[in-house]
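Worksheet: the structure to be examined is printed underneath.
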Amino acid sequence: MVNGPVESRLWERGAEGSIRASLEAKPLCESCVGRLFARVGTGLSNRERGRRALSELRMKGARSCWLCRGLVEEIPTFAALVIDELARWQSETFLVGCRVDPDLLEREEILWAELGLHTYEPIKAEINREVGKIVEAEVGRTVEFNRPEVTAVVDTTMDHVTVQVAPIYVYGRYRKLVRGIPQTRWPCRRCRGRGCETCGFTGRMYETSVEEVIAEEVMKDAEGQDHSFHGMGREDIDALMLGKGRPFVFEVRKPGRRSLDLPSIQKRINLSGSVEVHQLRPSSKEEVVTLKERMCEKSYRIQVRLDEEVPLQKVNEAVEALTASEIVQRTPTRVAHRRADRERERRVLEAEVVALRGSTLELRLRTEAGTYVKEAIHGDEGRTRPSLATLLGTKAAVVELDVLEIHDEDAHGESLEGDTAKDQAEV
Ligand SMILES: [Zn+2]
Ligand SMILES: [Zn+2]
């Protein structure tokens, strides 16, 4: 007889005969029987539901189950494997997935088709849920379906667990205080990082990069396996990055630790002498996208060498004319290999002559987002029109270029004079 109150029927009237016939031909364990009626009523485990069904049919659960062949009994073992693996990966949330012998899944489908039931639950769902419950109780982490920090996938035929670990992201702003290092790591072109004679067996084109200086400290704490650097644009290898710095998001792939002491990391990076970071905080994949799309006005300090000496009066006039012009820029030769060749119009919003010594000229410029600033000076052999060079009527070469500020916070109107004092204080 049935134990306890029966809230609802497990199967439709008249179905009993065919269910019994199926179970006689294909004997199932209590859990596998219960799983056939998983969506009927609530509050029972599959095993309890199976017991009830079998008792209504006056049958017993099979010791050797035609369907799972004892797999359900292994759930605690799978949970133990997951717990072991999770110990290596710090997280607050997790999710369990599993791989099951395809033959078993085929048997499962045969049974569903034979019975014509729509109340079943797939065995994978049961394994995932039951393993998840045990792990949750044991390690105090929460099952999260949408964006789990760690996903543990149990291969039930091999008794093996693999993990997918969501990356962590750290936002910050960096200042680059030395020339000659690129923003991101730059593997040797010849050997692609393996090490060769050309790169002195370092595997890289440059000794270090902003990314690597930051990675040194972040990776130590995050125990990550790899990293990527997402900058809001980039400056030249030879340019300094000053002012409040350039926004970036640092991505740690497969981190062992997710909660980082960012103030301590910041302090340690800032001892490098080459790169300084500020405002470190946790970030997200979404912020990488918005950061990459963002275009801002920028202020630069530029040192220019003129082909001949030009009087200050004429330089001032040329600089004024430059700010008054729509500057038409064809994609510069230096970036033509990675960008489509097209024309854009940009403006130099503000320009100031800081110093003129002989044929060496120092300028401060504030330009519209997306201006090719070097080309606005030297003209890129006519591809940028006008340029300071054509306005002066002499050739002009950019000797040094520093980014003084990326104006990502203020949309417009902050005057160059207003910035100057601050920049000088920070440089
Ligand atoms: Zn079974
Ligand atoms: Zn090499």
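The values are calculated or read from the model by the stated rules, or taken from the named source; none is laboratory data. These figures come from a predicted structure and were not determined experimentally. When we count neighbours, we look across all protein chains shown, and the Cβ atoms used for this are built from the backbone with ideal geometry, even at glycine. These area figures cover heavy atoms from the full protein model, side chains too; ligands, DNA and RNA do not enter into them. Shrake-Rupley method; radii C 1.70, N 1.55, O 1.52, S 1.80 Å.
Scoring 310-319, 281-290 by mean Cβ neighbours within 10 Å over their residues and listing the highest first yields 310-319, 281-290.
A 1.4 Å probe run over the protein chains yields, for the chain, 51 Å² of accessible area per residue, whole-number rounding. Remark: region 164-169, residue by residue, has Karplus-estimated 3J(HN,Hα) of 10, 10, 5, x, 10, 10 Hz, where x stands for each Gly or Pro and the curve is 6.51 cos²θ - 1.76 cosθ + 1.60 at θ = phi - 60°.
Taking 7 Å steps out from each Cα toward its Cβ at Glu381 and Glu12 produces label points 8.0 nm apart. Based on C-alpha pairs under 8 angstrom that are at least 6 apart in sequence, region 188-257 has a relative contact order of 28 percent. Taking the accessible area of the chain, probe 1.4 Å, and keeping the other protein chains in place, the carbon and sulfur fraction comes to 48%. The residues neighbouring Gly97, those whose beta-carbon lies less than 12 Å from its own, together hold a net charge of +2 under the Lys/Arg +1, Asp/Glu -1 convention. The charge dipole of region 153-308, taken about its Cα centre with unit charges on the Cβ of Lys, Arg, Asp and Glu (plus for the first two, minus for the last two), comes to roughly 240 debye. Taking every alpha-carbon pair under 8 Å whose residues sit at least 6 apart, region 27-154 reaches a relative contact order of 33 percent.
I'd like the FRET efficiency for Glu293 and Glu326, computed as 1/(1 + (r/R0)^6) with the beta carbon distance as r and R0 of 30 Å, rounded to 0.05. Calculated transfer efficiency: 0.75. Relative contact order of the chain: 13 percent, from C-alpha pairs under 8 Å at least 6 residues apart in sequence.
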